[in-house]
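Before any comments, here is the structure.
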């Protein structure tokens, strides 16, 4: 098996920071509200960065290179029972679907928290002043419900990682840590974006998170 570069550093940092921040938000909900809020703002900033990076980042990070249509996805599903993992320079079609689902659900879930109102009105999101109390309470309920759906997606993601490790003998976790994947054929031609693009994305993400944390009042 040939080891070759697969994931760029910004993509890997995004992945592990997002995992850590979601875990932090989960553990601090209803306990440490300051930490819960700031982890939520940081999550939204990370999503902004990933959407930006999906347009201008390295070849394996760009949406256009891994989001496939129904035909390619069905073909991949039919070949899934095979023990041999197909060489894929980045997300496979199923992984792409999971990625898109998370990039839709996570900002929705965190965004609802911006408008959420606590039952006693003491702990409210920074944008709760834009809605009435009943709407804020509804946002709080949907914020909690959407997190249950998110937990299901995360569990499915972890199950897929275990499936590829045990059945396909493909270590996706190690690849996301080291940035290198194992390929049976020739190494894929992966192109990485310059560091200044990542710096622009970080500044954009920080700016959006800051403005949201301030309730659009700057």
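Restricting 136, 152 to those that are surrounded by fewer than 15 Cβ atoms within 10 Å (Cβ to Cβ), part of a helix (DSSP H, G or I) and free of Cβ contacts under 8 Å to residues at least 40 places away in the same chain reduces the list to 152.
Can you find even one residue in the stretch 199-218 that is assigned to a loop (DSSP other than H, G, I, E, B), farther than 21 Å from residue 65 by Cβ, at pLDDT below 80 and in contact with a helix residue (DSSP H, G or I) (Cβ under 9 Å, 6 or more places away or on another chain)? Scanning the stretch 199-218 turns up at least one residue that is assigned to a loop (DSSP other than H, G, I, E, B), farther than 21 Å from residue 65 by Cβ, at pLDDT below 80 and in contact with a helix residue (DSSP H, G or I) (Cβ under 9 Å, 6 or more places away or on another chain).
Yes or no: the stretch 124-132 includes at least one residue that is over 16 Å from residue 34 (Cα atoms), touching a residue at least 60 places away in the same chain (Cβ under 8 Å), touching a helix residue (DSSP H, G or I) at 6+ places or on another chain (Cβ under 8 Å) and part of a helix (DSSP H, G or I). Within the stretch 124-132 (the criterion being over 16 Å from residue 34 (Cα atoms), touching a residue at least 60 places away in the same chain (Cβ under 8 Å), touching a helix residue (DSSP H, G or I) at 6+ places or on another chain (Cβ under 8 Å) and part of a helix (DSSP H, G or I)), the answer is no, since none of the residues qualifies. The residue of the stretch 150-197 that is modelled with the highest pLDDT, among those that are more than 23 Å from residue 19 (Cα to Cα) and touching a strand residue (DSSP E or B) at 6+ places or on another chain (Cβ under 6 Å), is 190.
Only residues that are more than 14 Å from residue 102 (Cα to Cα) and in a helix (DSSP H, G or I) were counted in the stretch 1-15, giving 5. Of all residues in the stretch 155-175, those being in contact (Cβ under 8 Å) with a residue 24 or more places away in the chain and over 30 Å from residue 34 (Cβ atoms) number 8.
Of all the residues in the stretch 166-194, those that are more than 21 Å from the chain's Cα centre (by Cα) and in a helix (DSSP H, G or I) number 1. Picking from residues in the stretch 16-31 that are in contact with a helix residue (DSSP H, G or I) (Cβ under 7 Å, 6 or more places away or on another chain) and in a helix (DSSP H, G or I), the one that is surrounded by the fewest Cβ atoms within 10 Å (Cβ to Cβ) is 17.
The values are calculated or read from the model by the stated rules, or taken from the named source; none is laboratory data. Everything quoted here is computed from the prediction, not taken from an experiment. Here the Cβ is made from the backbone with ideal geometry for all residues, glycine too, and neighbour counts use every protein chain on show.
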